[in-house]
1. Quick check: the distance between the Cα centres of the range 112-154 and the range 1-78, to the nearest angstrom?
2. Tell me what the chain gives for mean residue ellipticity at 222 nm when only DSSP H runs of n ≥ 4 count, each as -39,500 (n - 2.57), the sum divided by the residue total, rounded to 500 deg cm²/dmol.
3. Which of the lysines could a cross-linker span from K9 if the Cα-Cα distance has to be under 18 Å and same-chain partners fewer than 8 positions apart are dropped?
4. Stretch A58-F126 to full length: gain in nm at 0.36 nm per residue minus the Cα-Cα span?
5. Find the relative contact order for the range 60-145 and round it to a whole percent, using C-alpha pairs within less than 8 Å whose residues are 6+ positions apart.
6. Hey, can you rank 134-142, 48-56 by average C-beta count inside 10 Å, highest first?
7. Computed from the coordinates I sent, Cα extents along the principal axes in Å equals one of [x] 72, 40, 27; [y] 44, 34, 33; [z] 58, 35, 25. Tell me the label.
8. Before I look further, what does the chain give for accessible area per residue, probe 1.4 Å, in whole square angstrom?
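The values are calculated or read from the model by the stated rules, or taken from the named source; none is laboratory data. Here the structure is a predicted model, which means the values were calculated and not measured. Reconstructed Cβ throughout: ideal geometry from the backbone, glycine too, with neighbour counts over all protein chains shown. Accessible surface is based on the protein model in full, side chains and every heavy atom, while ligands, DNA and RNA are left aside. Shrake-Rupley method; radii C 1.70, N 1.55, O 1.52, S 1.80 Å.
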Amino acid sequence: MTISGEMTKREQVLLRIAFWFLLVFSAVLTVQAFRLIHQPTFQRAALGEHVAIYLVLAPLFAFQLLFMGSQFRRNGQTIVEFECDELSIQFRKLGDSHHEARPISDVVKVYKWRGLGEPIGYRLLFRDGSKAYINYSLSNARALEERLLAADVPVHRWLESLRD
């Protein structure tokens, strides 16, 4: 029996728009920070105020870069279309035009992907170390999760525990 699912075009566009919104928001914050630094009143301020502002801005910019990088990486690993039979899983990731096919035995681990508290999907960890994210908003995503978890035979789990 084959299980298939697909994310709607609307959801795909919303994922991309959310990323670009974060990017523009971060750029606006950066521009505003530089405008603050180059104001004449800031230039005349004491050295301690300069250091305090820089100590606040540096972690803010580091967090922005880290968050945007993780969003970009996760969006590139999000599955938007899949088809799974008893032996293999074929899928397409967000932004890719080609389908990737892997045997189910390549799936080493299936674990919950949490948003702000509750699970919003699950992650697949493949034998080569690559990851893929499947959102519960995909049709038949839960059925695929059950199939992949059922394919995880006890001997396979035992072998993986020895490797860890």
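1. With the range 112-154 and the range 1-78 each reduced to a Cα centre, they are spaced 27 Å.
2. -17500 deg cm²/dmol
3. K93
4. Values: separation 68, 0.36 × 68 = 24.48 nm, distance 3.59 nm.
Additional length available on full extension: 20.9 nm.
5. 21
6. Details: 134-142: 17.2, 48-56: 11.2.
Ranking, from highest mean packing down: 134-142, 48-56.
7. Evaluating Cα extents along the principal axes in Å on these atoms matches [x].
8. Values: 10560 Å² over 164 residues.
Accessible surface, normalised per residue, equals 64 Å².
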